[in-house]
Amino acid sequence: MAARKTRGTKSNRWSEEHRERIKTSMLLNRLQDHVLGKIELTPSQVNAIAILLRKTVPDLSAVDMNVRGKLEAQIVDL
């Protein structure tokens, strides 16, 4: 019987980008549940979630919107 071939190091594994997206969505869901009154979070927990989200989700205040015939967006690092 022939040996099973592996397809590289990422076969059957989530990439780091997918893991990051899942973690971000979990943080957003937890924060949303707190806002809707489903769960109780301490101010320290809310602050920690906000800090982590700033690292993964772009801040809308850092996006410069210019309309010149077509919609253009430029991300500005602060």
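Considering each residue of the stretch 1-47, count those that are at pLDDT below 90, within 24 Å of Pro58 (Cα to Cα) and open to solvent by 100 Å² or more (accessible area, probe 1.4 Å), and give that number.
5
Where the second residue is in a helix (DSSP H, G or I) and not hydrophobic (A, V, I, L, M, F, W, C) and the first is without any contact (Cβ under 8 Å) to a residue 40 or more places away in the chain and under 14 Å from Asn29 (Cα atoms) and lies in the stretch 40-52, which pairs have Cβ atoms under 6 Å and are six or more apart or on separate chains?
Every condition considered, the pairs that remain are Leu41/His34.
Residues that are among the charged types (D, E, K, R), in a strand (DSSP E or B), open to solvent by 80 Å² or more (accessible area, probe 1.4 Å) and modelled with pLDDT under 90: does the stretch 54-63 have at least one?
Initial filter on the stretch 54-63 (among the charged types (D, E, K, R)): 54-55, 59.
Narrowing further to those that are in a strand (DSSP E or B): none.
No, the stretch 54-63 has no match at all.
The values are calculated or read from the model by the stated rules, or taken from the named source; none is laboratory data. Computed from a predicted structure; not experimentally measured. No Cβ is skipped: glycine too gets one built from the backbone with ideal geometry, and neighbour counts run over all protein chains shown. Areas reflect the complete protein model, heavy atoms only, side chains present, ligands, DNA and RNA absent. Shrake-Rupley method; radii C 1.70, N 1.55, O 1.52, S 1.80 Å.
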